[in-house]
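K.L.:
One structure, as structure tokens, below. Some questions next.
The values are calculated or read from the model by the stated rules, or taken from the named source; none is laboratory data. Being a predicted model, the structure only gives us computed values, none of them experimental. Reconstructed Cβ throughout: ideal geometry from the backbone, glycine too, with neighbour counts over all protein chains shown. With ligands, DNA and RNA removed, areas are computed over all heavy atoms of the protein, side chains included. Shrake-Rupley method; radii C 1.70, N 1.55, O 1.52, S 1.80 Å.
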Amino acid sequence: MKKYKIIAGVDEVGRGCLAGPVVSAAVILKKGVNLKNLKDSKKLTFEQRIDVSKDIKKNSFYSIGMASVREIEKLNILQASLLSMRRAILSLSKKPDLVLVDGIFAPQVLNKCKTVIKGDEKIKCISAASILAKVYRDKIMIKMSKKFKNYSWNKNFGYGTKQHILSLRKHGLTTMHRRNFNPIHKMLLK
């Protein structure tokens, strides 16, 4: 098997949300990163993710890619996720020999992408990408929650929690909501 010198990990966050962009990170780890802290972002608290993300940024080459709400609506969530991954990969300042992507879908970039199911649990550079993408997206949603105060995005980050659905019914849609996602789409049909 070919040995790759420079490996990037890629993961996305926000596919299942009702509001906000989908965000991806691409990460090439350097030797100084604390590997024991790298795990699936869902297994870390908000505060832990913030702390670990600082170490990742200091000890890696990384970049962020996004697809906007409008791009999600135009393309569909899968294609928008792949677009955000592609943007992250192409923005890396160091070019990888291989890109490992969490899940079963990978963007077509330089014919170097391979998918890894549950990669965010198995491969440290994907775990790092998972953490950076989550922290970046959470900060966007916290900022947007100040503009759209009724939706508690600083707590639910745009996911379809019971409170978020109740707020949608009471206050209606914002420009950050994905209009082609259920239950929003169903609300528009009424």
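K.L.:
Provide Rg and Dmax in Å for segment 1-80, with only Cα atoms included in the calculation.
P.N.:
14.8, 42
K.L.:
Right, something else. Quantify, in whole percent, the carbon and sulfur part of the accessible surface of the chain (1.4 Å probe; protein heavy atoms only).
P.N.:
On the way: 5550 of 10170 Å².
For the chain, the apolar C and S fraction of the accessible surface comes to 55 percent.
K.L.:
Please give me, ordered by residue number, the trypsin sites (Lys or Arg not before Pro) of segment 106-144 that lie in loop per DSSP and have at most 16 other Cβ atoms within 10 Å.
P.N.:
Values: sites: K112, K114, K118, K122, K124, K134, R137, K139, K143; in loops: K112, K118.
Answer by residue number: K118.
K.L.:
May I pose another question? Can you pull the accessible area of H185 for me, 1.4 Å probe, Å² to the nearest 10?
P.N.:
H185 has an accessible surface of roughly 80 Å² with all protein chains in place.
K.L.:
5 Å is the cut-off here: which amide hydrogens, built 1.01 Å from N in the peptide plane, fall below it relative to S63, excluding neighbours closer than 5 in sequence?
P.N.:
For S63, the qualifying residues are A26.
K.L.:
Test of understanding: what is the full-extension gain from D97 to K162, defined as 0.36 nm times their sequence separation minus their Cα-Cα distance?
P.N.:
19.0 nm
K.L.:
So what does log10 I(q)/I(0) come out to for the chain at q = 0.09, 0.13, 0.18 Å⁻¹, using the Debye formula with one equal point on every Cα and no solvent?
P.N.:
The computed values of log10 I(q)/I(0) come out as -0.33, -0.66, -1.13.
K.L.:
Here's a follow-up. Under the rule of at least 5 residues apart or a separate chain, name every residue whose amide H is placed under 5 Å from the amide H of L18.
P.N.:
Y159, G160
K.L.:
Could you pull out the pairs from K5/K30; K30/K114; K58/K94; K30/K94; K118/K143; K43/K118 whose alpha carbons sit more than 18 Å apart here?
P.N.:
Values: K5/K30 12 Å; K30/K114 21 Å; K58/K94 15 Å; K30/K94 11 Å; K118/K143 30 Å; K43/K118 13 Å.
Checking Cα-Cα distances, K30/K114; K118/K143 exceed 18 Å.
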